[in-house]
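The values are calculated or read from the model by the stated rules, or taken from the named source; none is laboratory data. Owing to the predicted nature of the structure, the values given are computational and were not obtained by experimental measurement. Neighbour counts are summed over all protein chains in view; Cβ atoms, including those assigned to glycine, are modelled from backbone coordinates with ideal geometry. SASA here: full protein model, heavy atoms, side chains in, ligands and nucleic acids out. Shrake-Rupley method; radii C 1.70, N 1.55, O 1.52, S 1.80 Å.
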Amino acid sequence: MDFSLTEEERLLRDTVRDFAAKELAPMAAHWDRTGEFPRQNLEKMAQLGLMGMLFPEEVGGAGTSMLSYVMALEEIAKACAATAVILAVHTSVGTMPIYLYGTPQQKSRYLEKLCRGEYLGAFALTEPQAGSDATKIRTRAKDNGDHYLVSGNKIFITNGGEADIYVTFVVTEPGIGHRGISCLLVDRDTPGFSIGAAEKKMGLNGSKTTELIFDNARVPKENLLGKPGDGFKIAMSLLDGGRIGIGAQGVGIARGAYEHALAYALERRQFDQPIANFQAILFKLADMATRIEAGRLLVYQAADLRDRGKPCSKEASMAKLFATDSAMWVANQAVQIFGGYGYCRDFPVERYFRDAKVTQIYEGTNQIQRMVIAKIINR
Ligand code: CAA
């Protein structure tokens, strides 16, 4: 595999790096502290073509590769991990399903608006009793003529309340396990659909996470994505791509924490010299840099397979597992290098530490990633 960048890829990465440094990094602590949703970022990212990166120009996208997408996500996450997850969910599990499985009518109704950033996408799978064991969802969609009546609750929905379209997994035929799950596109203003409470989280505070409430919500049958019973496989195939993006988010968080720690170690003096002179600190920095590069290579490998249309479930799970465990590990080392200052909100590394934690949990916990990898290597 050759990951040397083309001129176009280099230009894109540098443009996103510049945008993230100027527009996101200075505000990231504010969004974290206030929990304000950074909607203006969506408009700016739309102007740069980042809201529809993976989709062809004919449908309003930018037509870039998955490799370019993960490079962009890394740069964004390094500056503001909350903005990165808003974009990652919008792209890989909010817009991609319509691009891959939508009817021409669904595409013409939603795709261009999503790609241009006029609409924000969300993905609604998780329920109170069905997190890791996603086949156990209960949200029920009853056939009622030309529409479904949907009842149930979804939780932990990224972009909840901010999104315009919710890619929602429902049971259309109970009693037959995952084969009874279907996928519906739910508009924000669907009668009987409402947004529940927002979670108060440890980190990623600029990204909204809410409950969704379906109380006999009337979803037209034309909003069924794929065929009845296709839903679970649609969800799993999307998560393969989504997990690569979360891996990239992990690499970005780790790089942010590492770069702050490196700068601090060079400047902070103890025992009459910069602490970077001490092997105890240098070895930490060396291990941090190594894990970041290893994580990035796993993310690039999975993205490259996806670009070439090859199976990549195992590689996506490996990338997500390693890069996000590394984000947590690296952020922890960064706090340690900062010492007491690292534990204080006036310095940025404690935010990376809090933001890193959820990357080991969402888009499939890292224990689920190990299950996916184990199942494939054991065939
Ligand atoms: N692509 C397509 N189909 C797939 C697939 C894939 N990658 N993986 C599995 N399937 C199919 C299987 O072929 C099987 O179909 P058949 O029965 O027809 O053969 C079916 O799906 C069931 O698969 P398994 O038997 O492997 O199912 P399982 O119950 O043993 O395991 C699981 C499934 C991997 C544990 C799955 O439930 C899972 O990934 N759980 C984690 C849920 C998750 O990731 N949630 C994330 C929520 S979104 C989010 O977090 C976004 C955010 O906010 C950032």
Practice task
Quickly run through the stretch 272-317 and pick out the residues that are out of contact with any Ser or Thr (no Cβ under 9 Å at 6 or more places or on another chain), aliphatic (A, V, I, L, M) and within 16 Å of the ligand (Cβ to nearest atom).
Solution key: V299, L305, A316
Exercise for the section: Would you please list the contacts, defined by Cβ atoms under 6 Å and residues six or more apart or on different chains, that run from a residue in the stretch 1-17 that is more than 9 Å from A72 (Cα to Cα) to a residue that is modelled with pLDDT of 90 or more and not small (G, A, S)? Expected result: M1/D304; F3/Y300
Exercise for the section: Within the stretch 205-253, track down each residue that is polar (S, T, N, Q), in contact with a helix residue (DSSP H, G or I) (Cβ under 9 Å, 6 or more places away or on another chain), more than 10 Å from the ligand (Cβ to nearest atom) and open to solvent by 10 Å² or more (accessible area, probe 1.4 Å). Expected result: N205
Exercise for the section: Show the residue pairs that are 6+ apart or on different chains and have beta-carbon atoms under 7 Å apart, the first residue being within the stretch 138-166 and at positive phi and part of a loop (DSSP other than H, G, I, E, B), the second being away from the ligand (no atom under 13 Å from the Cβ) and of a type outside the set (V, I, T). Expected result: N159/L120; G161/A198
Completion exercise
Residues in the stretch 271-287 that are of a type in the set (S, T, N, Q) and either open to solvent by less than 80 Å² (accessible area, probe 1.4 Å) or within 34 Å of the chain's Cα centre (by Cα) (or both) total 1
Fill in the blank from the handout: Over the stretch 95-109, the set of residues in contact (Cβ under 8 Å) with a residue 12 or more places away in the chain and either over 14 Å from G231 (Cα atoms) or open to solvent by 10 Å² or more (accessible area, probe 1.4 Å) (or both) is T95, M96, Y99, L100, Y101, G102, T103, Q105, Q106, K107
Handout entry: Leading residue by the ranking (farthest from D240 (Cα to Cα)) among those in the stretch 288-305 that are open to solvent by 80 Å² or more (accessible area, probe 1.4 Å) and touching a residue at least 24 places away in the same chain (Cβ under 8 Å)
Key = R291
Completion exercise
For the stretch 157-171 the number of residues that are farther than 20 Å from E112 by Cα and surrounded by fewer than 20 Cβ atoms within 10 Å (Cβ to Cβ) is 1
Completion exercise
Flagged in the stretch 23-42 as of a type outside the set (A, V, I, L, M), farther than 14 Å from T209 by Cα and open to solvent by 30 Å² or more (accessible area, probe 1.4 Å), in numbering order, are E23, P26, H30, R33, T34, R39, Q40
Practice task
Filter the stretch 87-117 down to the residues that are aliphatic (A, V, I, L, M) and in contact with a helix residue (DSSP H, G or I) (Cβ under 7 Å, 6 or more places away or on another chain), then identify the one that is farthest from L12 (Cα to Cα).
Solution key: I98
